[in-house]
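The values are calculated or read from the model by the stated rules, or taken from the named source; none is laboratory data. No experiment lies behind these values; they were computed from the predicted model shown. A quick note on method: Cβ atoms are made from the backbone with ideal geometry, for glycine too, and the neighbour counts reach across all protein chains shown. These accessible areas exclude ligands, DNA and RNA; they are computed on the full protein's heavy atoms, side chains included. Shrake-Rupley method; radii C 1.70, N 1.55, O 1.52, S 1.80 Å.
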Amino acid sequence: MYEFIRGPMVSISFMIFIIGLLYQAFKFFALTRKKELIFINLPFNPDKPPRKQWFQRVVEWFLSLRKRTVWRVHPVMTGITCIFHISLFITPLFLLGHNILLDEAWGMHFWSFPESFSDGLTWADLLCGAIFLFRRIFVRRVRVITTLYDYIVLLITVAPFLTGTFAYHQWFEYQTVIFLHIVAGEVMFIATPFTKLGHMLFFFFYRFFIGSEYSFGRGTRMW
Amino acid sequence: MIPKYNLMILLIAALLSITTTDLMAQQDSLLLNHPEIFLNRQRPPVTFPHNRHVEGGPSCKDCHHQYKNGENSLDESTLQEGNPEIRCSACHHSRSGIHLREAFHYQCLSCHKKNEKERKKTGPRFCGGCHLWN
Ligand code: HEM
């Protein structure tokens, strides 16, 4: 059991993660279909596609942040969310400990950050997680729409980071902590396709494929 | 009178045997530490209980090697304490195909992993089992 969780279960949970996301993507395209455009999402006029270089568009997009997006309305919260999500992805991917094990298991690995830098990213991530938690507890307008489910999903995302730092610093009994860390990572992999953590995929689908006032592109798909 | 002395001698002998075995064990544990190759160390050096790896089980050539035509042609009589040519770092360093870090990790981790799979006695498989901060 113990060996199974530390060995084959890592690959199994990763497969569930990949296949689960593919299944969700398949379901999304099966349930939606292309519809005639009912409204036009300014500033992208479909009749006259903008003939601009990509960098011009990127610059314009950045400038437009000043006046129309959530960056303008909630700059602090948006900044925290950005840091959280970036470190959520790059920390485990470029972590030396993960890459050495990956090299050992599959003979391939990513480039790695210095460990002290990864540790800093981990602390940043934990700090952001703590802010999310306190916001849910103490900010009334957030609290009223918070259920147990939200706390559980927050715990699932933060647990690999919490146990990971404890393992790195060898706080508490290492063998127990590293086992909990592996379990936490596996739970996160398995939960992602089937909980609201699936927004890892659906964020892009909604923003690019569905027509709405929030889309980045010309959304043309509808339910 | 005599039984008392006997007891004392026994006690002293017991104490001595504890200290001597302890000393021997310490001698047989090697500290793997290569600051000249790992210039900006990230992890503490590793205490390697050489004796416990030799006791029953692997042969010297499972770990020590010198390849000739893809064969391990190491002469075991060269495995003497203080011989610089048998140190892993003699051939595995920053410019070799297999860097010293990988030489250690591949060899140590793969055997520990294999033994765990086969449910035999085994050693650490994760970082903190070998690299102990103190
Ligand atoms: C999505 C899942 C995972 C995330 C987000 C994650 C994240 C982390 C983080 C943040 C650290 C600590 C970095 C630091 O403070 O320096 C860490 C360390 C580590 N993780 Fe993970 N991890 C995940 C899954 C796994 C899995 C499945 C394994 C098992 C094979 C694993 C094995 C390790 C090891 C061995 C360490 C190093 C511990 C040490 O330094 O002693 N992780 N991970």
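Each row is one residue, and each column tells you yes or no for (1) open to solvent by 20 Å² or more (accessible area, probe 1.4 Å); (2) near the ligand (Cβ under 9 Å from one of its atoms); (3) more than 17 Å from the chain's Cα centre (by Cα).
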site: A:L148; (1), (2), (3): yes, no, yes
site: A:I156; (1), (2), (3): yes, no, no
site: A:L162; (1), (2), (3): yes, yes, no
site: A:T165; (1), (2), (3): no, yes, yes
site: A:Y174; (1), (2), (3): yes, yes, yes
site: A:I182; (1), (2), (3): yes, yes, yes
site: A:F189; (1), (2), (3): yes, yes, no
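Would you confirm, using the coordinates I've provided, whether A:I178 is within 14 Å of chain B (Cβ to nearest Cβ), closer than 19 Å to A:R6 by Cβ, in contact with a Lys or Arg (Cβ under 7 Å, 6 or more places away or on another chain) and of a type outside the set (K, R)? In short, no.
Of all the numbered requirements in (1) open to solvent by 90 Å² or more (accessible area, probe 1.4 Å); (2) touching a helix residue (DSSP H, G or I) at 6+ places or on another chain (Cβ under 9 Å), A:F55 misses one, and that requirement is (2).
Each row is one residue, and each column tells you yes or no for (1) more than 16 Å from the ligand (Cβ to nearest atom); (2) within 25 Å of A:F189 (Cβ to Cβ); (3) exposed (fewer than 12 other Cβ atoms within 10 Å of the Cβ); (4) at pLDDT below 80.
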residue	(1), (2), (3), (4)
A:K27	yes, yes, yes, no
A:V59	yes, no, no, no
A:F62	yes, no, yes, yes
A:T69	yes, no, no, yes
A:F84	no, yes, no, no
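None of A:F209, A:F203 is more than 16 Å from A:D125 (Cα to Cα) and surrounded by fewer than 18 Cβ atoms within 10 Å (Cβ to Cβ) except A:F203. Selection of helices (runs of 4 or more DSSP H) fully inside segment B:47-134 by the criterion of at least 1 residues being within 12 Å of chain A (Cβ to nearest Cβ), of a type outside the set (V, I, T) and open to solvent by less than 50 Å² (accessible area, probe 1.4 Å) returns B:100-117, B:127-130. Candidates A:F134, A:F89: the one that is within 22 Å of A:I190 (Cβ to Cβ), exposed (fewer than 12 other Cβ atoms within 10 Å of the Cβ) and of a type outside the set (D, E, K, R) is A:F89. Beta carbons closer than 6 Å, at least 6 apart along the sequence or on distinct chains, pair a first residue in segment A:1-25 that is away from every other protein chain (no Cβ under 14 Å) with a second that is aromatic (F, W, Y) for A:S13/A:F189; A:F14/A:F189; A:F17/A:F189.
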